[in-house]
């Protein structure tokens, strides 16, 4: 706190302070004002950090960034693999543009790394995408015929992703409110989000309905 306020530090074992010229950048996905009011974040630290605040909306709220970011990640991973940058096919671009990305930019980054690894030619086709995007499962009409190689699991997963994403959007990212909107306990909601993002769930889903 003293270092932030006065921009002076005292090295271990020294007897005099040293002035430092630094710029501190802090990032979080929490609502720090709410955390502060709830007593989970120090008020004095909040006001020392909160000089210039920049809010970066989740990817689902800035759809225009999806394809430029996809191209950026393709270029980066292609360079890392020592190969020419592949291009996204028109259908692949459409699938990415329609996808809600509950895992945010990190999920898109992982998708493009996968695409570079799985694409042998100079074009990324839908075959290099995960099942939920590859089959367009969420757009299947319940009254229409099932497509070839239909996967019920992928279809349900895609629908679940969209509903969770919608609930988060309607509650401005407040997970407890999103859980209530979906009729889930917070632990059940957290379990489902972790499962969809590929994170270990540690058996954290309760069964209280």
Distance in nm between residue 43 and residue 72 label points, each 7 Å along Cα→Cβ, equals 3.8
Extension length gain for residue 195 and residue 83 (0.36 nm per residue less Cα distance), in nm, is 37.0 nm
Nearest-0.05 FRET efficiency for residue 9 and residue 106 at R0 = 30 Å, using Cβ-Cβ distance, is 0.35
In nanometres, the difference between 0.36 nm per residue of separation and the alpha-carbon distance of residue 20 and residue 35 is 2.5 nm
With a Förster distance of 30 angstrom and the Cβ-Cβ distance between residue 65 and residue 186, calculated FRET efficiency to the nearest 0.05 equals 0.55
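Each value in this text was obtained by applying a stated rule to the coordinates, not by laboratory testing. All of these numbers come straight from a predicted model, not from anything done at the bench. Please note: Cβ atoms are built from the backbone with ideal geometry, for glycine as well, and neighbour counts cover all protein chains shown.
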